[in-house]
Amino acid sequence: MMGNVIEQSLRGPSPLIPAEALIGNGHGSRMPGIVAALLTPAIAQKLADLCPTSALAIQQSGALRCLRLSYGRCIGCGKCVEAGEGAVVAETQFSRCGVTKEQTIRLWDIEGRAELTVPAPDPLQVRGAIHSLLQRALNIRQLDAGSCNGCEAEIAALTNPYYDLERFGIHFVASPKHADMLLVTGPVTRNMAEAVKAAYEAVPAPKLVVAVGACGCSGGIFVGSHAITGPVDAVVPVDGYIPGCPPTPAMLVTGILEVLRRRLAK
Ligand code: SF4
Ligand code: SF4
């Protein structure tokens with residue numbers, strides 16, 4: 001009986017999602033994108049007024065009145081997509097993962113209806129780097145610094161047969177002493193700040209730190225709470241940011257590989 005089950009499983013098609021379909025995939029991320037051609041001053045103001053985390057805001061840039069979108073603050077509530085009159089769409093491609101904090105922010109000239117920010121990393125570039133990355137093992141210590149566990153649920157999915165992070169030579173380890181990278185979730189509560197610092201100190205150099213989720217990137221929905229000292233970069237240096245609330249497994253893989261690609265390119 002058990003033998004039959006194992007045989008069927010081994011003979012069945014592999015559930016593994018190809019890396020090409022994974023890197024930069026924005027489906028399910030709930031990250032918004034702006035259709036610049038449809039942006040008007042009234043819509044921009046409405047979006048800034050309704051966004052619950054101020055991820056969308058009006059910003060003056062020199063003489064230009066701009067709409068600013070900070071993915072690190074976005075919790076993917078979808079309000080802007082609903083109210084955007086077509087000027088806001090849910091992204092189906094999303095590669096602003098594992099990037100610098102500056103690169104998590106986009107800016108549109110409202111009157112000129114044009115984006116002013118540099119494009120996101122090309123997913124093809126990240127995909128192209130996979131082969132060199134595959135030759136190196138990477139050990140990750142995941143650190144919950146006050147998360148709601150939403151981010152952990154997505155991180156846990158990375159090790160299932162569908163996403164199979166291990167195919168990239170990336171493993172999770174139990175001790176920061178054995179890790180190359182800290183993957184930190186949560187807004188860094190007061191009680192966890194010292195633990196985050198201690199874990200950071202324990203990782204041997206050269207170490208990488210990735211802030212995960214809106215909470216890790218900006219404090220997310222906990223910004224202004226007396227109970228947090230975060231975000232992560234308020235406590236330890238951060239090499240890359242992965243937005244989302246929570247980020248999808250595709251965003252996590254894209255972000256981890258992008259941080260590695262940037263480190264190897266230095
Ligand atoms: S989806 Fe993000 S940017 Fe849009 S309203 Fe919600 S938090 Fe703000
Ligand atoms: S980013 Fe969202 S899912 Fe992740 S810990 Fe914060 S609230 Fe939870």
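FYI, it's all coordinate maths here, none of it is from the lab. Note that the structure is predicted; figures quoted are calculated from it, not measured. In this analysis, Cβ positions are derived from the backbone assuming ideal geometry, glycine residues included, and neighbour counts consider all displayed protein chains.
Worth a mention:
- Cα-Cα over 31 Å, subset of 46/207; 101/177; 79/177; 79/197; 177/266; 79/207: 46/207; 79/177; 79/197; 79/207
- Dipole of the chain computed with +1 at Lys/Arg Cβ and -1 at Asp/Glu Cβ about the Cα centre; of 31, 12, 66, farthest Cα towards the positive end is 66.
- The chain, Cα convex hull volume normalised per residue, Å³: 154 Å³
- With a Förster radius of 35 Å applied to the C-beta separation of residue 117 and residue 264, the computed FRET efficiency comes to 0.90.
- Sorted by Cβ density within 10 Å, fewest first, the residues 144, 122: 122, 144
- Candidates 226, 160, 75 compared by Cα position along the dipole of the chain: farthest toward the positive end lies 226, with charges placed on Cβ.
- Charges were assigned to the Cβ only: +1 to each Lys and Arg, -1 to each Asp and Glu. The resulting dipole of the stretch 100-240 about its Cα centre is roughly 280 debye.
- Student exercise, the chain dipole from Lys, Arg, Asp, Glu Cβ charges, in Debye to nearest 20: 400 debye
- Ranked list, fewest to most other Cβ atoms within 10 Å of each Cβ, for 138, 116: 116, 138
- Cut-off under 5 Å, modelled amide H: who pairs with residue 172 long-range: 140
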